[in-house]
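The structure under discussion appears below in the form of structure tokens.
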Number of protein chains: 2
Amino acid sequence: MSQYHPLNETEAISIAKSLNHIFTSDSELVCQEIGDGNLNLVFHVTQPSSGKGIIVKQALPYAKVVGESWPLTLDRARIESEALQTEGKLAPGLVPEVYLFDATLALTVMEDLSDHVIMRRGLIEGGVYPKFAQHISTFLARTLFYTSDLGMNQQEKKALVRNFSNPELCKITEDLIFDHPYADIDTNNYDDHLKEDMRKLWSDEKLHLEVARLREKFLTHAQALLHGDLHTGSIFITPESTKVIDPEFAFVGPMGFDIGAVIANLLLNYASQEHWSSSDVTRHERRSYLLNLIHEIWTLFNDKFRKLWDENGVDRISRTPGYQADYMQRLLQDTVGFAGCKIVRRIGGLAHVADIDKIPDANTRAKAQRAALAIGTTLIKQHRTITSIEQVIAIAEETTR
Amino acid sequence: MSQYHPLNETEAISIAKSLNHIFTSDSELVCQEIGDGNLNLVFHVTQPSSGKGIIVKQALPYAKVVGESWPLTLDRARIESEALQTEGKLAPGLVPEVYLFDATLALTVMEDLSDHVIMRRGLIEGGVYPKFAQHISTFLARTLFYTSDLGMNQQEKKALVRNFSNPELCKITEDLIFDHPYADIDTNNYDDHLKEDMRKLWSDEKLHLEVARLREKFLTHAQALLHGDLHTGSIFITPESTKVIDPEFAFVGPMGFDIGAVIANLLLNYASQEHWSSSDVTRHERRSYLLNLIHEIWTLFNDKFRKLWDENGVDRISRTPGYQADYMQRLLQDTVGFAGCKIVRRIGGLAHVADIDKIPDANTRAKAQRAALAIGTTLIKQHRTITSIEQVIAIAEETTR
């Protein structure tokens with residue numbers, strides 16, 4: 001196609017028309033830009049007569065955060081598109097279908113999911129998703145197993161590492177998750193009433209040592225192809241369907257980072273339930289729903305991953321007696337540690353979550369924030385001694401008793 | 001230059017003449033092919049009148065081992081040449097200087113080191129190298145520190161990982177070190193008198209579990225640029241000088257794999273001292289020389305690495321209190337585990353070491369082999385509990401008491 005330039009709505013429509021298995025060239029299409037304009041343009045192109053639609057997502061050559069703008073590689077569009085395709089092959093139906101990728105325009109055309117809602121919003125509104133644990137555990141087990149040295153030829157795995165080398169976006173994660181929240185950094189963003197809590201966070205050396213270890217793992221442990229940013233804002237959902245979107249942070253890293261992201265965001269919603277009065281039955285119902293969900297996700301993931309391993313492990317060494325149990329325990333510990341980091345950064349770091357930030361009353365919000373911080377820091381500090389998902393549940397319950 | 005083809009001696013001479021900072025075009029040069037013909041051609045080109053010389057090393061497109069021949073990427077010549085140049089910048093004087101690299105011919109022209117001997121041979125002949133511990137600890141500390149996330153910008157590190165992706169040669173290591181020695185595989189090569197020892201090795205599940213963990217680390221832990229094959233046959237030495245050669249197995253992996261290789265090969269020589277009668281003072285002298293050397297290498301490495309870290313660490317997180325001590329202890333444990341694997345493969349695997357294989361008397365050889373096996377398997381099994389180099393020394397002493 002042409003040189004890179006940000007598309008307008010007319011161009012998005014003409015790209016849509018070129019996909020002749022979806023629209024015909026004489027289709028009447030309408031287009032709306034629905035992105036937030038910080039990192040990407042997102043065009044929703046629809047045909048009112050048939051109800052059909054597609055998404056045209058284009059990477060912008062910069063990132064805008066808190067008013068600042070810095071250059072950001074367009075290669076992330078290739079990474080996102082290729083990650084979606086890899087994930088789609090491994091976990092069919094659990095990511096949007098990719099119809100077209102254009103490297104020059106840094107643009108991916110994909111399945112329209114506007115019948116889904118963003119899971120974060122769904123959870124905030126009290127949604128219940130009876131199939132989510134099954135879906136996300138399948139997504140995690142299959143994408144992680146088959147892109148690891150357990151389920152993939154080790155030489156192809158090394159090509160995968162090369163292909164998904166993602167230095168710029170990994171650097172963002174490294175700074176925002178493993179560095180800035182633990183020091184008094186300008187870009188941190190926290191409510192004034194948390195000033196004392198932040199001071200404690202910044203001076204907690206026992207915590208910092210565990211975070212340094214987890215950051216090292218994030219930097220060096222090339223275990224499997226990760227989504228890289230698997231919070232509930234990267235999941236489109238309905239009671240029947242789950243679609244994991246936006247893998248532009250994909251890279252080959254430690255599996256626990258993805259699993260931990262899912263659990264962390266469920267725990268952030270758990271902490272946000274402070275907004276119900278303690279006598280309100282909804283608070284307890286939601287909390288127990290969320291903890292059961294976490295339990296179910298890890299349990300299902302563990303079962304599915306082990307089954308894939310037993311049936312499709314690529315080599316003899318992976319069947320060494322005791323190795324699988326040892327591996328799964330270390331994976332749970334990584335998961336817990338990364339979950340803790342993902343929680344803390346949403347309270348003390350730059351980017352927050354609506355689950356908590358949208359609580360209008362400052363006192364209630366402070367309670368939720370402190371609950372989240374307590375869960376997050378406890379998970380980080382205890383992660384290397386965790387041996388069961390029940391211990392994670394107990395930590396969440398105890399810190400909010 | 002021209003298309004790839006194996007060079008002859010005349011061509012090697014004409015390449016030498018083109019290096020006009022060493023020879024002139026009218027120099028009278030002689031050439032001898034001195035490689036073993038298994039993996040590479042090695043031409044030694046000299047000018048008898050001046051005594052000057054160079055080495056022309058060319059990769060062959062196949063590997064020959066025990067009569068079989070299989071294709072092997074020529075890209076390893078690029079990796080070797082670039083690794084030598086990276087190491088040469090970080091550890092000046094400790095690798096041969098590279099004069100020329102030609103990608104098409106898979107050829108590196110480098111410094112002539114024929115005044116040095118291969119360290120394995122030097123040790124077998126009873127050599128003493130008073131500067132070796134200083135040299136190799138500097139080599140290890142500087143090459144490992146400055147190519148890790150501790151001493152290198154993390155985004156450049158990711159480019160380094162990509163550049164030194166070395167799937168084929170890593171696969172050879174993976175098979176020969178972490179897989180084959182632990183099962184009854186055809187290509188294993190061991191003396192008949194070791195049959196029972198091998199059966200024990202093949203059925204020792206506790207050992208296998210530790211090897212599986214170390215193999216996983218080898219496959220996934222992208223910690224620093226390694227030499228990748230740092231045994232005493234990859235070191236040219238004199239009492240005054242140390243030159244590390246042949247980094248064609250270079251890749252970004254766990255640091256302990258390189259440090260462990262050095263220690264393992266000193267321990268193999270240690271085990272080979274069985275060939276002196278137990279009353280011979282030489283046996284005790286050599287053993288104590290070797291154990292002191294190991295102690296000195298780790299101690300100096302540890303000091304130098306920490307000093308580099310303190311003075312040149314690239315980020316705040318690396319200065320987290322307690323992190324360095326924790327990191328160095330894990331590094332020692334990795335080193336010990338990998339050293340154990342490197343010892344065992346030299347007794348039960350395909351490729352052996354002359355230190356032990358050249359012991360003519362079968363009974364004496366068996367003693368040395370069993371001493372090596374005992375040291376190697378103990379290091380592997382205990383590596384995760386090791387906290388000091390003295391414990392490694394004690395293991396060597398106890399298994400040969």
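Residues considered: A:I245, A:I172, A:I79. Largest GNM mean-square fluctuation over chain A, using C-alpha springs under 10 Å, is found at A:I172.
Label-to-label distance, A:D184 versus B:K64, with points set 7 angstrom from Cα along the beta-carbon direction: 7.0 nm.
The residue list B:P48, A:N312, B:H116 was ranked by how far each Cα lies along the charge dipole of the protein assembly as shown toward its positive end, using unit charges on Cβ atoms, and A:N312 comes out on top.
Comparing the full protein assembly with the isolated chain (1.4 Å probe, heavy atoms, ligands and nucleic acids excluded), the residues of region B:293-325 losing at least 30 square angstrom of accessible area are B:R316, B:I317, B:T320, B:P321, B:Y323.
Applying 1/(1 + (r/R0)^6) with r as the Cβ-Cβ distance of B:A394 and A:T24 and R0 = 56 angstrom yields a FRET efficiency of 0.10.
Phi angles across region B:112-122 convert, under the Karplus curve 6.51 cos²θ - 1.76 cosθ + 1.60 with θ = phi - 60°, into 3J(HN,Hα) values of 7, 10, 6, 7, 9, 10, 5, 4, 4, 5, x Hz, Gly and Pro given as x. With the label put 7 angstrom out from Cα along the Cα-to-Cβ vector, B:E205 ends up 4.4 nm from the copy partners, going from closest to farthest.
For B:H180, the accessible surface of its heavy atoms amounts to roughly 40 Å² (probe 1.4 Å, protein chains only, rounded to the nearest 10). When chain A is treated as a GNM with alpha-carbon contacts under 10 Å, the residue of A:Y182, A:Y323, A:Y99 showing the greatest mean-square fluctuation is A:Y323. For region A:245-401, a simple Cβ point-charge model (Lys and Arg +1, Asp and Glu -1, everything else neutral) yields a dipole of about 380 debye relative to the Cα centre. Less than 5 angstrom separates the built amide H of B:V95 from those of B:V244, all sequence-distant by 5 or more or on a different chain.
Compare each residue of region B:139-185 in its chain alone against the assembly with all protein chains, and report those whose accessible area goes down by 30 Å² or more; 1.4 Å probe, heavy atoms. Residues shielded by partner chains are B:D149, B:Q154, B:Q155, B:K158, B:R162, B:S165, B:P167, B:K171, B:D179. Per-residue 3J(HN,Hα) values for region A:336-343, derived from phi via the Karplus relation 6.51 cos²θ - 1.76 cosθ + 1.60 with θ = phi - 60°, read 5, x, 5, 4, x, 4, 6, 6 Hz in sequence order (x marks Gly and Pro). Across the identical copies, the label point of B:K171 (7 Å from Cα in the Cβ direction) is separated from its matches by 3.4 nm, in order from shortest.
Let me check something: with ligands and nucleic acids excluded, how do A:F164, B:F101 order by accessible area (1.4 Å probe), largest to smallest?
Working: A:F164 5, B:F101 65 Å².
Largest accessible area first, the list is B:F101, A:F164.
Can you bin region B:117-399 into rounded, prolate or oblate? Criterion: square roots of the alpha carbon gyration tensor eigenvalues sorted a ≥ b ≥ c, rounded for a/c under 1.5, prolate for a/b above b/c, oblate for the rest. Here region B:117-399 falls in the prolate category. Ranking of A:S279, B:S69 by solvent-accessible surface, largest first: A:S279, B:S69 (1.4 Å probe, protein heavy atoms only, all chains present).
Between the Cα long axis of helix B:256-272 and the first principal axis of chain B there is an angle of about 70°, rounded to the nearest 10. Here the relative contact order of chain B, from alpha carbon pairs under 8 Å that lie six or more residues apart, stands at 16 percent. Taking the protein heavy atoms of region A:109-174 in the context of the full set of protein chains, the accessible area attributed to carbon and sulfur is 51 percent at 1.4 Å. Computed with a 1.4 Å probe on the full set of protein chains, the accessible area for B:K367 sits at about 130 Å². Taking the C-alpha atoms only, the angle from helix B:9-18 to the longest principal axis of chain B is near 70 degrees. Gaussian network model of chain B, Cα springs within a sub-10 Å range: biggest mean-square fluctuation belongs to which of B:I55, B:I185, B:I386? Comparing B:I55, B:I185, B:I386 in a Gaussian network model of chain B, the most mobile one is B:I185. Taking Cα centre as origin and charging only the Cβ of basic (Lys, Arg, +1) and acidic (Asp, Glu, -1) residues, the dipole magnitude of the protein assembly as shown rounds to 1560 debye.
Take B:T10, push a point 7 Å out from Cα through the beta-carbon direction, and compare it with the same point in every other copy: 7.0 nm, smallest first. Amide hydrogen proximity for A:L226: with H placed 1.01 Å from N in the peptide plane, the residues at 5 or more positions away or on another chain lying under 5 Å are A:F251, A:V252, A:G253. Taking the 0 to 90 degree range and rounding to the nearest ten, how far is the long axis of helix B:362-382 tilted relative to the main principal axis of chain B, both from C-alpha atoms? Orientation of helix B:362-382: about 80 degrees from the principal axis.
Tell me whether the protein assembly as shown comes out rounded, prolate or oblate; compute the Cα gyration tensor, take square roots of the eigenvalues as a ≥ b ≥ c, and use a/c under 1.5 as the rounded threshold. Kindly include the intermediate steps, with their values, before the conclusion.
On the way: a/c = 2.15, a/b = 1.61, b/c = 1.33.
Cα axes put the protein assembly as shown in the prolate bin.
If one takes the accessible area of chain A alone plus chain B alone and subtracts that of the pair, with a 1.4 Å probe, what total in Å², rounded to the nearest 100, results? Working shown, then result.
Values: alone 17430 and 17420 Å², together 31200 Å².
Chain pair A/B: roughly 3600 Å² of buried accessible area.
Summarising the amide proton neighbourhood of B:L72: residues at separation of 5 or more, or on other chains, whose placed amide H is nearer than 5 Å comprise B:Y62, B:A63. Ignoring lysines fewer than eight residues from A:K158 along the same chain, the ones with Cα atoms less than 25 angstrom from its Cα are A:K89, A:K171, A:K217, A:K304, A:K307, B:K64, B:K157, B:K158, B:K171, B:K217, B:K342.
Residues A:T104, A:T238, A:T385, sorted by accessible area with the largest first, give A:T385, A:T104, A:T238 [1.4 Å probe; ligands and nucleic acids excluded]. I'd like the accessible area for B:V344, computed on protein heavy atoms only with a 1.4 Å probe and all protein chains in place. Round to 10 Å², please. B:V344 exposes around 0 Å² with every protein chain in place.
Note on the protein assembly as shown: dipole from Cβ charges, positive end direction compared against B:N189, A:V95, A:T299; the farthest Cα belongs to A:T299. Its Cα centre serving as origin, region B:9-111 has a Cβ charge dipole (Lys and Arg +1, Asp and Glu -1) of approximately 120 debye.
Once a ≥ b ≥ c are taken as the square roots of the eigenvalues of the Cα gyration tensor of region B:155-255, is the result rounded (a/c under 1.5), prolate (a/b larger than b/c) or oblate (a/b not larger than b/c)? Oblate.
Averaging the Cα positions of each part gives two centres, and for region A:82-160 and region B:261-317 these lie 49 Å apart. Over the protein assembly as shown, DSSP H runs of length four or greater, each weighted -39,500 (n - 2.57), average out per residue to a 222 nm ellipticity of -16500 deg cm²/dmol.
Quick check for you: with a 1.4 Å probe and neighbouring chains kept, what is the accessible area per residue of the protein assembly as shown, in Å²? Mind showing how you got there, number by number?
Details: 31200 Å² over 802 residues.
About 39 Å² of surface per residue is accessible.
Quick one: check the C-alpha center-to-center distance for region A:372-401 versus region B:234-259, whole angstrom. Computed from Cα coordinates, the inter-centre distance equals 44 Å.
The values are calculated or read from the model by the stated rules, or taken from the named source; none is laboratory data. If you're wondering where the values come from, they're calculated on a predicted model, not measured in any experiment. Note that each Cβ is placed from the backbone with ideal geometry, even for glycine, and that neighbours are counted across all protein chains shown. When the accessible area is computed, the model is the full protein with side chains, heavy atoms only, and any ligands, DNA or RNA have been set aside. Shrake-Rupley method; radii C 1.70, N 1.55, O 1.52, S 1.80 Å.
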